[in-house]
Amino acid sequence: MQANKLPVPQQIGLLVKALDGAKRTNEALAKCANGDEMIEILLGASAKLGLSLTRRDLMETPPIRDWIWFRNNDPLFTVGDSKPRYQQNIDRPEPSERKKFLGLF
């Protein structure tokens, strides 16, 4: 069966699988300032794969819909100081400098 004849969720799944490991495309997506720029890159990737995805399909179908939302908005809430996890470990005090919790840790 041709990829462009599949239902939209399956086409989105194929696009997501194709993006996994696509270094240049992922770097371009990371540099996007907003969701509209992301959609343009994703439409190009979709066309290269022979998928018949539209702007509306990308904006309404998860997980890409969620990626676009997070690019356009701040998270509803954050845990901690909103630093990315890989940066939180850098500022951690040494064990001797930490305060003990109930004398246990």
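The values are calculated or read from the model by the stated rules, or taken from the named source; none is laboratory data. Everything numeric in this text was worked out from a predicted model, so none of it was measured. Accessible surface areas use protein heavy atoms only, side chains included; no ligands, DNA or RNA. Shrake-Rupley method; radii C 1.70, N 1.55, O 1.52, S 1.80 Å.
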Of every hundred units of 1.4 Å-probe accessible area on region 17-75, the number belonging to carbon and sulfur atoms, as a percent, is 51
For Thr25, tell me the accessible area in Å² from a 1.4 Å probe, rounded to the nearest 10. 40
Note on region 1-56: contact order normalised by length, alpha-carbon pairs under 8 Å, 6 or more apart, percent, works out to 44
Kindly sort Asp36, Asp57, Asp66, Asp20 by accessible area of their heavy atoms, largest first, with the probe set to 1.4 Å. Asp20, Asp36, Asp66, Asp57
Solvent-accessible ranking of Met59, Met38, largest area first, probe 1.4 Å: Met59, Met38
